[in-house]
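All remarks here apply to the structure that follows.
The values are calculated or read from the model by the stated rules, or taken from the named source; none is laboratory data. Just so we're clear, the structure is a prediction, and the values are computed from it rather than from any experiment. Here the Cβ positions follow ideal geometry from the backbone for every residue, glycine too, while neighbour counts run over all protein chains shown. Heavy atoms of the whole protein, side chains included, go into the accessibility calculation; ligands, DNA and RNA do not. Shrake-Rupley method; radii C 1.70, N 1.55, O 1.52, S 1.80 Å.
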Amino acid sequence: MPKEVTDVICPFCGTLCDDLIVTVSDDNKTILGVKNACAIGAEKFNHQRQPGRVKRPRMRQADGSYKEITYDEAIDWTANMLVKSRKTLMYGWASTSCQAMSIGHEIAEKVGGIVDNCATVCHGSSLIAIEDVGVPSCTLGEIKNRADRVVFWGCNPAHAHPRHMSRYSIFPRGFFTVKGHKGRKIYCVDCRYTDTAKCADEFIQVQQGFDYELLNAFRTAARGEALPDTVGGVPKEKIYEIVEDLKTARFGIIFFGMGLTHTMGRNHNIDIAINLTRDMNDHTKFAIMAMRGHWNVTGSGQVLGWQYGFPYAVDLSRRDQARHQTGETTSVDLLNRSEVEACFYIATDPGAHFPVDAMISSSRKPTVTIDPHINCTTEISDIHIPVALVGVEVGGCAYRMDNVPIETRKVVDPPEGVLTDEELLTRINHRVDELMAKGGQ
Amino acid sequence: MSEFIIKNGHVFDPVQGIKGDKKDIAVKDGKIIDKVGSGAKVIDAKDKTVMAGALEVHAHVAGPKVNAGRWYRPEDKHFDSHKKPGITRIEGGKSIPTVFKTGYEYARLGFTFAMEAAMPPLYARHVHEEIHDTPIIDEAALPVFGNNWFILEYLKNHEVENTAAYIAWILRQTKGYGVKCVNPGGTEAWAWGLNCLTIHDPVPYFEITPAEIIKGLIEANEYLGLPHSMHLHQNDLGNPGNYKTTIDSLRLAEGIKATNNFGREQVLHSTHLQFHSYKGTNWGDFESGAKEVMDYVNKQKNLTIDTGNVTLDETTTMTADGPFEHHLHGLNHLKWFNVDVELETAAGIVPFIYDPNNAVFASQWAVGLEIALYAKDPMRCFITTDHPNAGPFTRYPRVYSWLMSKKCRDERLHSFKKADKVISATNLATLDREITLYELAQMTRAGPAKCLGLSKDYGGLAAGMNADIAIYNINPDKFPSDGPEIEKAFANVAYLFKDGKICVEGGKVVDMGHKQTFWVDAKVNENKQVMHDIREKFLRYYSVNENNYPVPESYAPHQHIIGVDATKA
Ligand code: SF4
Ligand SMILES: [Zn+2]
Ligand SMILES: [Zn+2]
């Protein structure tokens, strides 16, 4: 008899929906169906039963082909690489659990690694802005229960976080928001007319690259100061009108994404968006939130935070001190300057996200990639070590985009003999200890 | 397990009334015992001071706001952030140390237990992940209730039994220790950008007052018979003239008796009282209200307090008092962090520099010391810095030096740029009292242990108690007169025993001990109403499912569960 596992946490995006129902075969081996997930979330579960999944570590041969090796061999090779390298980039972590990260950090501290996560190529600029000016925010349930003005700025949840709008931000009825969508006014600010814009009551088209100017104009208008006729392609009358409307909110929220973090101005865009939010708190209650994309990237920032005091790009290569400096300890910059001696990638795919030059530099270094599946990065690695899918084949803690942690659920067994991240990292850690005791360092 | 005999030390133990006499302390299997065999390892404590491990009654050391403070303040790692000798990990941060540093530093100061003072239930998993990673010291956490919708709704109709049943449920879900209440009603009001500044300001929509919340939570706490009492951060924190609201709030406990099996006598613990003891109408005519407040506290046997001493450092303020942090940000314009938590609470963070050249900050420093010096019963007044709000806990040795030496604090007082103003606005200059080592043991060991309901095992050196022992390089017969010397002696223990193991030796961490997480499991009668309300609220208003709300067992692998039976209450 197939069985249903309820309250399952989706392992794909930072929305971390926790209401999925997964049907599992009698023998706990196969997922038969997924309810409540969006298409991209369901896809993650479907991956589990894909034929041709790699179940043992693979090592690249001189001719470029891959040969299956044992976990022991892969662990030994990896530990040797880590111990030999004076500076190893240990990048990724977004699709694994906080428990696994902790073990990874222990290794990094011993071997002098630099621990960095996907924020380095997505919301790193948001984190820089928050380090500069703070951030007034809230949990997603607050939006559902209270928000009557919602602004999506440079983000497109309709595609990137498909259930965000129905669970938290546009449609749900909450305690003080009994009318649901009808009681909320939705704004979308973007340079393109996106599918999210279609759901908004008002779409404001900002000229590409003029987000900072437009946010600045919002702040100016909120203070009742004069504006030029148009800013970033938006007429001043419109700006005054929107700002006045936002001031009458009972509870307002700005969600922002890559359209703000990765366009001209970057962290300064976020900085001024936060400052606008702060200003609005002189009139009413307002919050702002980054639409963190990659599943548990938020958790990586949290664990690094409590262990070292920085949210990403944490350089432990001095071994007696943790350092964090954007441009200096960030992955892409390290690779571009060829400053690391080895690469250790886990639970993400830099090959698909990093600039080409950085990956060319990476491909010249000894590289180990730990990932359940074959991806762009595994194909430029010396070793690919497959692992169980976190949130599907093993549980573990993940942090939602509003920093709420949820312990994810195991729904099926991993393929016979496949290790979890925690098991694998624990064994690498032990092997590193053995090698270092022998004076490997 | 190995046996120890600590010989010839000057023992200070309020539990047994020992005031510096030379006495040997025997240790076996993690406990203090009467006698050990001849094979026991001898620790020479000649010319040293021996006390039980200290207990932190109120600090912000683990959880979402503490961690936000860490990562959004990279500049806090510019100070004192590196690995120290020993088996330790990298240590980082000054006002908000990393978890590793937190555990090591408490141990080096002679502490063996710390209470995380504010756990938002929705974020309990985060709090426990950090507690799990904090070495050596035992810890517990207090979930916050003062702005929780269930509580507001039950107490509006004075449903104490339902309140108690809900508290019991939350303690189990969050692995929580007791009942914390921060700015009752005011933080819910803050969700709309408002606040409750007196105990009679109605909470928007919920039609209840802070006074009703405070009183109801005290009653529910005693209904359950929890080891700790209701733990209150009052309304109107940090504002001139607030001492009246403070005394009004404390009055709510009048006539209520402690009901518990843990030897606890208070029904209300009022925290960081320094921030609540101000007279005047603005920062210009600001004056100390410590005397008025402490006169009241001294009379009321069912109250305990902690000080919240300002240490005159750059630090990071953080509290579930969201509106206060917004207000503070308006004063100093440093970076403001805020999180409102659905149905439960909020938190704010603002960095803060207590500049000694500023008369207000110097006066706050004086008020904090006055609170401790006015305390008639050191078993009911505990020293804290409300870490990191009034200063980092690592400054305890300096606070002790100010309290234990009039010379030392007068030197500080007279060297303020605005000394005249501070002297006229406060009473500190007129106070001659010097806290003794015995009183210090009451204020940092026996007192907080009793207040937390842990006096069976903690806070003393009697046979049968935990072998948590701090040995300081202090000869009471030649007690240092010089501030920096006092400070140095308290900053690095000669030895710290945790559960009978030496974890710190000569200030160096040598063992990670066997850290435990404490929480309270209160049994109540089945309550269909409350269970129905919980179901309903999760279905309709929470953003997580009820089944994903509890803290899993694996988050607290070494848990110490204190059982309480309230089924016959
Ligand atoms: S919105 Fe995100 S978390 Fe939710 S089901 Fe879709 S991919 Fe998964
Ligand atoms: Zn407080
Ligand atoms: Zn506090």
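A few comments on the model shown:
- Taking a Cβ cut-off of under 14 Å around residue B:202, the surrounding Lys, Arg, Asp and Glu residues balance to a net charge of -3, with basic ones at +1 and acidic ones at -1.
- Segment residue B:301-residue B:19, extension gain: residue separation times 0.36 nm, minus the distance between their alpha carbons: 99.1 nm
- Exercise: per-residue mean of other protein chain Cβ atoms within 10 Å, A:140-152: 3
- Carbon and sulfur %, accessible surface of the protein assembly as shown computed with the full protein complex present, 1.4 Å: 50
- The reciprocal of the average 1/r between distinct C-alpha atoms defines the Kirkwood hydrodynamic radius, which for chain B equals 23.5 Å.
- In the stretch A:2-30, burial by the other protein chains removes 30 Å² or more of 1.4 Å probe accessible surface, compared with the chain on its own, from A:7, A:18.
- Sorting A:89-100, B:413-424 by their mean Cβ neighbour count within 10 Å, with the most densely packed peptide first, gives A:89-100, B:413-424.
- Overall shape: rounded for the stretch A:124-290, with the ratio a/c of the largest to smallest alpha carbon gyration tensor axis below 1.5.
- Anchor residue A:35: lysines whose Cα lies under 17 Å away (excluding residues fewer than 8 positions away in-chain): A:3, A:44, A:410
- Karplus-derived HN-Hα couplings along the stretch B:387-400 (A = 6.51, B = -1.76, C = 1.60, θ = phi - 60°), whole Hz, x at Gly and Pro: 2, x, 5, 9, x, x, 4, 5, 8, 3, x, 5, 4, 4
- Since only A:89, A:64, A:21 are under comparison, the one whose Cα sits farthest along the positive direction of the charge dipole of the stretch A:12-117, derived from C-beta charges on Lys, Arg, Asp and Glu, is A:64.
- Charge sum, other residues only, whose C-beta stays under 12 Å from residue B:191's C-beta, Lys/Arg counted +1 and Asp/Glu -1: -2
- Base-10 log of normalised Debye intensity for the protein assembly as shown (one unit scatterer per alpha-carbon) at q = 0.05 Å⁻¹: -0.30
- Counting Lys and Arg as +1 and Asp and Glu as -1 over every other residue whose Cβ lies under 14 Å from the Cβ of residue B:211, the net charge comes to -3.
- Sorted into 5 angstrom bins from 0, the C-alpha pair distances of the stretch B:221-321 split as 2, 13, 21, 22, 18, 12, 7, 4, 1, 0 percent.
- Accessible area (Å², per residue) of the protein assembly as shown, counting only protein heavy atoms and a probe of 1.4 Å: 33
- Summed buried accessible surface, chains A and B, 1.4 Å probe, nearest 100 Å²: 4900
- Among the residues of A:311-318, the average count of other protein chain beta-carbon atoms within 10 Å of the residue beta-carbon is 2.
- Using distinct alpha-carbon pairs, which all enter the 1/r mean, Kirkwood radius of the stretch A:401-441 in Å: 13.3
- Residues along the stretch A:113-136 losing 30 Å² or more of accessible surface when the other protein chains are present rather than the chain by itself (probe 1.4 Å): A:130, A:131, A:135, A:136
- The spacing between the stretch A:287-317 and the stretch A:418-441, judged by their C-alpha centroids, is 24 Å.
- Aspartates and glutamates with Cα under 18 Å of residue A:29, excluding same-chain neighbours fewer than 8 positions away: A:4, A:43, A:393, A:413, A:416
- Taking a ≥ b ≥ c as the square roots of the eigenvalues of the Cα gyration tensor, the stretch A:126-170 is classed as oblate, since a/c reaches at least 1.5 and a/b does not exceed b/c.
- Added length on full extension, which subtracts the Cα-Cα distance from 0.36 nm per residue, residue B:508 to residue B:205: 103.6 nm
- Antiparallel %, DSSP beta bridges [both residues in chain A], to 5: 40
- Comparing Cα centroids, the stretch B:478-536 and the stretch B:263-304 end up 26 angstrom apart.
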